[in-house]
1. Quick check: residue separation of GLN52 and PHE24 times 0.36 nm, minus the Cα distance between them. What number comes out in nm?
2. DSSP loop chymotrypsin sites (Phe, Trp or Tyr not before Pro) in the stretch 54-116 with at most 16 other Cβ atoms within 10 Å of their Cβ, which ones?
3. Can you send over the carbon and sulfur percentage of the accessible area for the chain, probe radius 1.4 Å, protein chains only?
4. Sticking with the crude label model, points 7 Å out along Cα→Cβ, report the distance from SER35 to THR105 in nm, one decimal please.
5. Rank-order 38-49, 15-26 by packing density, defined as the average count of other C-beta atoms within 10 Å over each peptide's residues, highest first.
6. Mind checking the angle between helix 54-105 and the chain's longest principal axis? C-alpha axes, 0 to 90 degrees, to the nearest 10.
7. Expressed in nm to one decimal, what extension gain is obtained for the pair LEU80 and ALA68 from 0.36 nm per residue of sequence separation less their Cα-Cα distance?
8. Specify the angular offset, from 0 to 90 degrees and rounded to the nearest 10, of the alpha carbon long axis of helix 20-49 from the longest principal axis of the alpha carbons in the chain.
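The values are calculated or read from the model by the stated rules, or taken from the named source; none is laboratory data. Bear in mind that the values here come from a model prediction, so they are computed numbers and not experimental data. Note that each Cβ is placed from the backbone with ideal geometry, even for glycine, and that neighbours are counted across all protein chains shown. Side chains included, ligands, DNA and RNA excluded: accessible areas come from the protein's heavy atoms. Shrake-Rupley method; radii C 1.70, N 1.55, O 1.52, S 1.80 Å.
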Amino acid sequence: MTCLMASLYITHVFAESAGKPLLFVWICLIFMTFSGNFSLFPTAIAKTFGPQYVSINYGVLFTSSAVAGPIGALLSTFLLQKLHSYGIFILSAGLSFISFVLSLTFNARRVNGKLV
């Protein structure tokens, strides 16, 4: 999901100049990656931390999203003046790619030592 998100952020320049239908498809794909991430989180949390901690950890995850929303809005407003919209999309693509690499290198183990 994060690799797709990074690819979509990088192609923002092309989607905008390709016309309204392609821009609509591009926006739908962006929102699909957001919802895809939130649909994968409960399973990832259950496999990593155990089913008894899913509700607590998922609550923390949603709380962090609620806190990051206003901070992200303020930060993007500040960065828009410095980087313009394309720069923000390239920065977002870079951060999404970093999260993709981190997800590949994440090495969670169960209590018995087996990989998740």
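1. 6.0 nm
2. Passing sites in the stretch 54-116 are PHE106.
3. After summing per-atom areas, the C and S share lands at 75 percent.
4. 3.3
5. 38-49, 15-26
6. 20
7. Working: separation 12, 0.36 × 12 = 4.32 nm, distance 1.73 nm.
Gain on extension, LEU80 to ALA68, equals 2.6 nm.
8. Value to nearest ten degrees: 10.
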